[in-house]
1. Only one residue in 776, 824 is within 16 Å of ligand 1 (Cβ to nearest atom), of a type in the set (S, T, N, Q) and modelled with pLDDT of 95 or more, so which one is that?
2. Of all residues being charged (D, E, K, R) and in contact with an Asp or Glu (Cβ under 7 Å, 6 or more places away or on another chain) in region 751-782, which is farthest from ligand 2 (Cβ to nearest atom)? Just the residue, please.
3. Identify all residues within region 63-87 that are in contact with a helix residue (DSSP H, G or I) (Cβ under 7 Å, 6 or more places away or on another chain) and either at pLDDT below 95 or small (Gly, Ala, Ser) (or both); write none if there are none.
4. Scanning region 738-747 for residues that are assigned to a loop (DSSP other than H, G, I, E, B) and more than 12 Å from ligand 1 (Cβ to nearest atom), which turns out surrounded by the most Cβ atoms within 10 Å (Cβ to Cβ)?
5. Given the criteria farther than 30 Å from residue 721 by Cβ, away from ligand 2 (no atom under 14 Å from the Cβ) and more than 25 Å from the chain's Cα centre (by Cα), does residue 789 qualify?
6. Does residue 751 satisfy being farther than 23 Å from residue 614 by Cα and either crowded, with 21+ Cβ neighbours inside 10 Å or basic (Lys, Arg) (or both)?
7. Given 633, 658, 651, which one is in a helix (DSSP H, G or I) and either within 29 Å of residue 717 (Cβ to Cβ) or modelled with pLDDT of 90 or more (or both)?
8. Within region 537-561, how many residues turn out to be outside any helix (DSSP H, G or I) and modelled with pLDDT of 90 or more?
Amino acid sequence: MSKKYVYKFSEGNKDMRELLGGKGANLAEMTAAGMPVPQGFTVTTEACTRYYDDGRAIAPEIQEEIMQNLTWLEELNGKKFGDPTNPLLVSVRSGARASMPGMMDTILNLGLNDVAVEGFAKKTGNPRFAYDSYRRFIQMFSDVVMELSKKRFEEIIDDVKAKKGVKLDVDLDAEDMKQLVVLFKEFYKKEKGEEFPQDPKVQLMEAVKAVFRSWDNPRANVYRRMNEIPYDWGTAVNVQTMVFGNSGSNSGTGVAFTRNPATGEKALFGEYLINAQGEDVVAGVRTPSPISKLHEEMPAVYDQFAEIADRLEKHYKDMQDMEFTIEDGKLYMLQTRNGKRTAAAALKVAVDLVDEGMIDEKEAVLRVEPKQLDSLLHPQFDADALKKAAVVGKGLAASPGAACGKVVFTAEEAKEWHERGEKIVLVRLETSPEDIEGMQVAQGILTVRGGMTSHAAVVARGMGTCCVSGCGEIVVDYDKKCFTLAGKTYKEGDWISIDGSTGNIYGEAIKTVPADPSSGPFGRFMAWADKYRQLQVYTNADNPRDAKQGYDFGAQGIGLCRTEHMFFEGDRIKAIREMIVSENAEERAKALAKIMPLQQGDFEGIYEEMKGQPVVIRFLDPPLHEFVPTKEEDIVDLAKEMGITVDRLHEIINGLHEVNPMMGHRGCRLAVAYPEIAEMQTAAVINAAINVQKKHPDWKMVPEIMIPLVGEVKELKFVKDVVVKTADAIIAQSGIDMKYEVGTMIEIPRAALTAGEIAKEAEFFSFGTNDLTQMTFGFSRDDAGKFLGYYYDEKIYESDPFAHLDQTGVGQLVEMAAKAGKATRPSIHMGICGEHGGDPTSVEFCHNVGLNYVSCSPFRVPIARLAAAQAAIKNPR
Ligand code: PEP
Ligand code: MG
């Protein structure tokens, strides 16, 4: 039997989301549960993939299948496509496997043409409504399918209103709508050189193609990259009988959640608009009423909806986000899906569902997106500073957190200002999906229009970005780049602060303080995560402050202390520069003598903060170009310090110049050339550990020394011998018995390839996936950003391999090296300390290849803890 590309809603179920997309699968599930769903059919994600494989064309057999289903739908409804007396109208909507709100396209009222509109007018007895629907359809079809500018249509409407002397769309009557249809069609013909398509079957096929195409539009591509949704998933298309929320005052449309998506509180939460259609609520163009008001306006409909909402939540065992339409007092369900929610709400819902007996702890752990925790870990306003600040306006508390930044008005400016290192708040009338990149870099988002389910609110919540929406008192002037609020004008670049938890707006900068994630159900939830994970989570920290932060966030050790980083602060850089430009052992010894006490002090501070937990200290790995002085004043300073002439120092610096510093004299190569560096660092580590051990006899200090950038076992052995000789001598003298370990980073492909040999010397491995990625791909970690954009555009790479581990290539090296290391030395312990250690999908990979720990920056520790738990629950090992 040939493959089936189209499924009626009555033929699917919720487990078919890969094929039918989330929307299609849930429409099928609701249909099966006997809920009032306008019927229709789903064109599968496989049809979308096939569309792309066939060079962006819908194969004849798929077209035929669509048409057969259309005939079925006509019979079911007793209506016909394009019928002069009783025409069938449908909506055509995208629906990918993972929900991508607002990213792809939707077309409503499809099936209207010059004849059908007459039939529709007669059938409904409402010509204004019929012609309004037709003009909306022409507008949407032209925009989505034909890519004509939306703005031009709005201008035509404005002209008609101006001529009539009215302000609002509702003041236009049937004749005006008829006139709009004529004007729209004229405009269409002028632009496209052909008449507006009158054959509904052509309209349908073009619309399906447009939805497939929208899978590849720029905003969908950005969203996918952000959310790691693979390109080859494709989207399904749902063709559904239209119901009309705009057919009069006994009709309406709305969106609602079964729990509050901002706080997780258990109560129906949402909003609706009377006499409105489809996207009006989500687009935030009119400000809707809260769902509780529906209880007063249409009690029976409200009760029915509340009952369905409750059933759906129990059925899916998760908070639902539903779209509904009321047509002439009759309720229809248009969609249900697991609702997007803030991190705070996600934790509360997960914990509440366990308490309500709906799910178990493991399931709860799987319910929270690890990356979402980020927003709980981010700043809030300083309470004292906030007391002094004056509220100048209020909008809806759309996405919690505090933001303080300079005002910008466009997504482009947001990006530019952000690249210049500015903190910004993006102020918009309303946001649309094109704004996504600007929203991503903004500290906060403030909109004039739109409710809690508007684009700005939904997207900001998903990103964990603070957002205040729907502040109607703001008057924005995009041309003059300013807005006024409470009698004051704010220009581009002025500071404002917004509170996404209260909706308050402040016309000034307010200090922020770090978040306190231990409040609310965070602790209880994270304890479940810790119970189920098998990976240890360490932190990368180069100073006592970061060590403390990591420890407080639950790190079980330090996986990477980059010793050269200690020298970025204050005056310390001079000491390390002096060491780098030293010409002989004597000068170097002088410089090292300055460095040694600073290092030892830092190590003691770090050991104290970690309270006896493992701490891996990596020996110097300074890519020279990051440290050699370049500013003339620094060079003059350093020459003076070293007692040499400025010219001489220039000569030395020129001599150190490397064509390829990332592959230059760094890592263990420094210690091979100058073993005294390794001696000094060993002494600093061991002395610090001994001092701390003496102070805290109950801690078991086992210092771990890590040699970087090893590619050959003999170079590791060479440096290790220096370490062992120095350490043993110091320990023998100290009078205490202390064990220590020497290990290495696996960050050069050759090290991965010869890991079995290297493990003869290394007591532990730490995968440095930053360098390993750089050297496996052969592109510079500092420069790849300049050209990776082209690779994303061409779908050669779908995501940044420095952010998400390339499991196929680099991952293979990791897996192979881990196996070989273990085969040589079964007791070897292994972790990862590159940036990938805090990336959820990379953490899952580390779990699967059997590493012992991941190490990441302090703020990502909770994310890694949760990602590790999810990996263990999904793939027990
Ligand atoms: C690495 O290369 O992955 C690593 C952790 O070291 P660095 O980033 O310091 O080179
Ligand atoms: Mg490295």
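1. Within the list 776, 824, the selection yields 776.
2. Of everything passing the filter in region 751-782, 763 is farthest from ligand 2 (Cβ to nearest atom).
3. 80, 81, 82, 83, 84, 85, 86, 87
4. Out of the qualifying residues, it is 740.
5. It is false that residue 789 is farther than 30 Å from residue 721 by Cβ, away from ligand 2 (no atom under 14 Å from the Cβ) and more than 25 Å from the chain's Cα centre (by Cα).
6. Taking the combined requirement at face value, the residue satisfies it.
7. 651
8. Residues that pass the stated criteria total 14.
The values are calculated or read from the model by the stated rules, or taken from the named source; none is laboratory data. Keep in mind the model is a prediction, meaning the values are calculated, not measured. Because the Cβ atoms are built from the backbone with ideal geometry, glycine has one as well, and the counts that use them run over all protein chains shown.
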